[in-house]
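Asks: This is the structure, below, for whatever I ask next.
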């Protein structure tokens, strides 16, 4: 198959767009499309200071690459989780991220959880009731908290993440099968700023996972190929498998599911708890970040419980 | 496994309810549950004259049986579609329905489409553009039209159908994956009456298909086992397969999907076309039934087109 724009051999065929492109035209197409998504959804401008959350995986590195190529002022934030998983997952992710930043002369903020909280994520999770089986809960809430805090404290205008269509459609399917209206209400490619919470945007929300992967490959971007060792069996993967089946039966099913939701959302209104939560945000008495829970925010409360439990166990002479 | 209510051997185990029952207690349980659904959703009372749409399949016959056992005044409506499909589908369905009515001394209205319109459904469908591949479109719209007209003209208070949870969840999944807000807005176990449209209710909306099938079996109700020969490959079957996978992975997934939607719907509002359609209902200039399309309703317009096309073909000497 030939590239639609020149005589070169096509390297990728995006059936849902009926579009085949050669390497060079594909490496042009991704930034152009991204620019269109940014513009159409009022995500940010070249005046804005942007912080991209970088995990070392393909989506976040490709996003950082594309945004810098488009001329945006964009720094990276790497959060050290201390996950080993037998393959030195966090250490390797960090090495890859730092090497990308150095190679492209980009500024990277690194934030190591163990340095700040005294414990890494797996150890902390093993000290919580739910976390013993799966540390994703404390990991997710910690990342969300830290991303916002670093963005606010360093005066960034927007926090961007590399979530792609596969990610967004899987979350949407989970929220939909359980009709979680408070989450449906807040799901979308842009979350506007509100008291103490930085504006958030997902410029890749319309790209299939294979499209960002192909870009990484063709651009020669080294990225962390392994999934997080704790991701196995996660709900989001279950929904991804389901959506892949739908997509296999009908090309473009994922995109049409997500885009039809965004259109429908314009015509729907939700009287869910979401509204009340928004009205009731107040500063956490410990860290000062906005929270809807009394006194401490979920981050401070969870880590306090972890440290208390650790204290008790050390007193009892039990090593966790 | 033993029946939860006595020492007899259980014949059915409903895992989502953690409930196993023997034959007699199961045959009591279904009507009791149905009564609860009718009451909780304000479907109808023993004062109301009820018309049940009966196809000869298990759900509609079981519904007729259960409603009469519960003491409701309920007559049947059988619509003759003239589908043969190699196994005499319509003729056999009609025989089964009439024999059920006779055996239980129940009143049955039969309405034969060919008698009223001059053509059966497969022939009519073959004369429409979309219908040549699948006659489901003209069949569905004809049934909806006739059910309402017969109910209104004969002063019934409510029209009931045997749709079960599997049916309802499949429709919901289709409406949701495409975010068809106008349909989502109107989906539910009860549709209230409005100008010229009879009230509609689905008393079996919380029963799994296997539960109505088990009732039919244990009660010795003869029903049409074959699916309609045209149903194969229908979208609704595709969504049923998908939901069966979800159910296999998580017991009760279908029920929770549907019930969480009904709860969510209470908190959502839709600004979709649905509202406008409702406001713009006016009588069809031919049959007088309410319609939102100009002049003729979809039923009258479609059948007029079918007859016109038939006329033209006969003039041209082509047999359809």
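Where a number appears in this text, it was derived from the coordinates with a stated rule and is not lab data. On a predicted model such as this, the values are computed, not experimentally measured, just so you know. All Cβ positions, glycine included, derive from the backbone under ideal geometry; neighbour counts span all protein chains shown.
Asks: Using the Kirkwood formula over every pair of different C-alpha atoms, what hydrodynamic radius in Å results for the protein assembly as shown?
Replies: Details: mean 1/r = 0.0346 Å⁻¹.
One over the average 1/r among Cα pairs gives 28.9 Å for the protein assembly as shown.
Asks: Expressed in nm to one decimal, what extension gain is obtained for the pair residue B:241 and residue B:271 from 0.36 nm per residue of sequence separation less their Cα-Cα distance? Kindly include the intermediate steps, with their values, before the conclusion.
Replies: Values: separation 30, 0.36 × 30 = 10.80 nm, distance 3.15 nm.
Separation in residues times 0.36 nm, less the Cα-Cα distance, equals 7.6 nm.
Asks: Could you check what % of the DSSP bridge pairs in segment A:45-263 are antiparallel, to the nearest 5? Present the calculation step by step, with values, prior to reporting the outcome.
Replies: Values: 3 of 19 bridges.
So the antiparallel bridges amount to about 15 percent of the total.
Asks: Considering only the label points, 7 Å along Cα→Cβ from Cα, what distances in nm to one decimal separate residue B:111 from the same position in each other copy, shortest first?
Replies: Between copies, matching label points for residue B:111 lie 6.5 nm apart.
Asks: State, to one decimal in nm and shortest first, how far the label point of residue B:92 sits from each corresponding label point in the other identical copies (label point: 7 angstrom along Cα-to-Cβ).
Replies: 6.0
Asks: Taking chain A as the reference, fit the longest principal axis to its C-alpha atoms, fit the long axis of helix A:58-69 to the helix C-alpha atoms, and give the angle between the two in degrees, 0 to 90, nearest 10.
Replies: Helix A:58-69 sits roughly 60 degrees off the main axis of chain A.
Asks: So what is the 222 nm mean residue ellipticity for chain A from helices alone, if each DSSP H run of at least 4 adds -39500 (n - 2.57) and you divide by all residues, rounding to the nearest 500 deg cm²/dmol? Write down the numbers at each step before the final one.
Replies: On the way: 13 runs with 159 residues, N = 320.
It lands at -15500 deg cm²/dmol.
Asks: May I pose another question? When the convex hull of the C-alpha atoms of segment A:1-121 is computed, what volume per residue in Å³ does it have?
Replies: Values: hull volume 19.2 nm³, N = 121.
Normalising the Cα hull of segment A:1-121 by residue number yields 158 Å³.
Asks: Just to confirm the number: angle between the C-alpha axis of helix B:235-249 and the first principal axis of chain B, 0 to 90 degrees, nearest 10?
Replies: 20 degrees
Asks: Report, to two decimal places, the Cα Rg of segment B:48-111 normalised by 2.2 N^0.38 Å (N = number of residues). Present the calculation step by step, with values, prior to reporting the outcome.
Replies: Details: Rg = 11.7 Å, N = 64, 2.2 N^0.38 = 10.7 Å.
Compactness ratio reported: 1.10.
Asks: Just how far, in whole angstrom, is segment A:9-56 from segment A:110-187 if you go by their alpha carbon centroids?
Replies: After rounding, the separation between the Cα centres reads 25 Å.
Asks: On a 0 to 90° scale, report how tilted helix B:165-177 is relative to the longest principal axis of chain B, with both axes built from alpha carbons and the result rounded to the nearest 10.
Replies: Roughly 60 degrees between the two axes.
Asks: Shortest first and in nm with one decimal, please list how far the residue B:252 label point sits from its counterparts in the other copies (point 7 Å along Cα→Cβ).
Replies: Nearest first, the other copies' label points are 4.0 nm away.
Asks: With a ≥ b ≥ c taken as the square roots of the eigenvalues of the C-alpha gyration tensor of segment B:43-265, please select rounded if a/c is under 1.5 and otherwise prolate if a/b is larger than b/c or oblate if it is not?
Replies: Details: a/c = 1.31, a/b = 1.12, b/c = 1.17.
Since a/c stays below 1.5, the shape of segment B:43-265 is classed as rounded.
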